[in-house]
Structures are given as C-alpha cells and as structure tokens.
Amino acid sequence: MRKAKKVCLADLAKVGPGTPAGQWFRRYWMVAGTTRDLYDIPEAVRLLGEDLVLFRDSNGKIGLVGQSCPHRGTSLEYGDIEDDGIRCPYHGWLFNIHGQCLDMPGEPKSSKFAAKVKHLAYPVKELGGLIFAYMGPHQDNPPPLPKYKALADPTGQRSLEATRVYDYNWFNFIENGADPVHFSTLHRADANDGTWRSWFFDFHDVPPFDAVETTYGMKVISRKPGPAPDTEYADVKSFALPSILQIGDTEFTHFKQPKEALAEGSSNAHFMFLAPNDDEHFTLYTVNHYTGPDPEFFQKLAPSRALERRRKNRMTGASMRLFGAASALRILPAKVRSR
C-alpha cells in the first residue's frame, strides 16, 4: 500500500486542485465576487487556482463557469449575455448557469449534440451582497451556505468595503490576523493620545491573550484590567477556518474613543472573507454590520477607514517585505524543511 504523504506547513499556501489545502477549501463556500461589482458583462475570476467567469444572465440568475470554452478554448470573459446564459464569442455556443450547452449555431437544426456537452460550472448563492461559490464534491447537493449574521440579519445597517487584492499567499494573512502582539507593535498609536487603542494595545504594556479553540476555528482574546475590581476589558477576534475573520472593535479603533467606552461593548461586527486566488494571491471582501443607534455610523466611519487604507498602502513596500521575511521563517522550502 502507498503510504499517505505527510502534510507540512508549507503545503497550506498551495490551493490548486488536488492539493491538501485546495481540497480543504473546496469543502466550504468561498466568496467569488460581489453583486455590487457584477454588471451586465462577464467578470473574469481566479479562485483556488482555477480561471473562471462569473456572470448574471438576462433573467437575473448568476453563474460561475470555466473561463475557456470547451469547444476551442475561447475566453468566455468576452461572451455575450443572453436570457438563458452566456454565449461564446467565437462559434456561439450557449451555456446556461449550470454549464449545460443549449445551442450550437453551426450544427444542423435537428442535431442533439448540444445536449451532450456539459461545461465546468460551480453552484453559486448570494448573501448580503456577496456571491459565494461551492467548488467541492457533491455539487448537485452541496452543503448549506451558513447564514452569517453580518450578512443575513435584516436589522441594523450593512456596509461592504472596497474589494482588495493582495499579492502574497492567503495563509500569511490568516496567521497575521491571529497574532495580537503585532498590533501593539506594527500598528502602535501615540501612547499619550488618551484613546482606547493606545491604552489597550500599548507597546510598553502588551495585553496578555489566550487562543481558545472552538468548533469552527478559534478565538483570540486579549485582556486588560476593567473599570472595577475583578473585571476585565476583553478584545475578541474570531476565526472561522479556513478563511473568515471577525473583529469587534472597529468603532473604538477608528473613532478614537476613550477606554471607558469599551464598557458598553461593540455595536459593529467587522467580517473579512478571504478567497485565495492561487498560491500567491488572495482577494479580501470586508463587511461591516452595525446594530447601534447612530444612523450616520458608516458615513463617519468611511473617512477613518480610507485614511487607514492609505496609511497601509504607504507601508506596503517596507512592511510587506518585512512581513514576507518573517513568514518565510515559518513556511520553508522543502530542501530546508528536510534537514
């Protein structure tokens, strides 16, 4: 009998078909795009190392199919949208959202050949402005799409931030998100500005933390003394493996609130849905769900979030090189791992 290959840490970055991490991801619904960005033309999508095309037919149904037409390999990114699906621009083969070929203009009218052609297609579902795809087994009967509260709750306000694409592997980002110490160091604030952020994540007094395993992944809980004896302030980050992060301190971090404000708890759930494009790129979809009393919460949040993104963009060169170097110590090439 062939001995099963041992999976090592470096394998986690590889998400293509047949890889251990790729097979893992394909057991979950992954975000493939947003309803906001899907217009009346097809959209090229790279997901888990596969080149695909996302489209909405003229009847409003969304499909995710292989990018290359099975006939002559023409990219369906340039296809025409019709009531029943997407038509290849080269020879006019028409495919519905399930990948079934419906029409072949070059065939005789009596031909039944189209019924024999089934193109690659994946099930998709919409929830809260995001389009999820299931790329795993049993596609005729996929597992249910979880009703994430930030996406499914009809109360409160919901905001979808700009989609971001990063040119490093997905695991580096997840690993970084589970590391609260870097926030006190890399993202340190002015220790004298009197805000919750500078006090809680003080570089000179890094809060102790616990990593708590859960049925869906883990929680990272950082702690500081509370306003009364035997009480604590807690900052909680949740991770639904393999690729969803939730942070609950957005309004305190970006609105420069005093530490006492934390006693009221957070009213905004900040969810990050990560979708690996391939071994070296991933796309991040960020959703905020606010259930507090301020009707202008997102108008007030937007400028601070934009400022934070600009600051991170300025840091990209140096800090990403530093981050990449640090990550390389954890994800080693095979010839180093074998020593």
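The values are calculated or read from the model by the stated rules, or taken from the named source; none is laboratory data. Keep in mind that what you see is a predicted model, and the values were worked out from it rather than measured. FYI the Cβ positions are ideal-geometry reconstructions off the backbone, even for glycines, and counts take in every protein chain you see.
Within segment 270-281, does at least one residue satisfy the condition of being modelled with pLDDT of 75 or more, more than 17 Å from the chain's Cα centre (by Cα) and assigned to a strand (DSSP E or B)? No, segment 270-281 has no match at all.
For segment 182-194, a residue qualifies if it is out of contact with any helix residue (DSSP H, G or I) (no Cβ under 8 Å at 6 or more places or on another chain), under 22 Å from Gly226 (Cβ atoms) and assigned to a loop (DSSP other than H, G, I, E, B), and the qualifying residues are Asp193, Gly194.
Of all residues in segment 163-186, exactly one satisfies the criterion of being over 26 Å from Gly22 (Cα atoms) and either free of Cβ contacts under 8 Å to residues at least 12 places away in the same chain or in contact with a Leu (Cβ under 6 Å, 6 or more places away or on another chain) (or both), namely His182. Residues in segment 21-80 that are hydroxyl-bearing (Ser, Thr, Tyr) and more than 29 Å from Pro146 (Cβ to Cβ): Ser58, Ser68, Thr74, Ser75, Tyr78. Select from segment 74-104 the residues that are under 12 Å from His119 (Cβ atoms) and among the small types (Gly, Ala, Ser) and list them in ascending order. Matches in segment 74-104: Gly79, Gly85, Gly99.
When Val45, Val31, Val15 are checked against the criterion of being in contact with a strand residue (DSSP E or B) (Cβ under 7 Å, 6 or more places away or on another chain), closer than 27 Å to Asp103 by Cα and modelled with pLDDT of 95 or more, Val45 stands alone in meeting it.
Candidates are the residues of segment 83-106 that are among the charged types (D, E, K, R) and at pLDDT 95 or above; the one that is farthest from Ile62 (Cα to Cα) is Asp103. There is at least one residue in segment 94-101 that is assigned by TED's automatic domain parsing to the domain that holds Pro137, in contact (Cβ under 8 Å) with a residue 40 or more places away in the chain and either among the charged types (D, E, K, R) or within 26 Å of Tyr148 (Cβ to Cβ) (or both).
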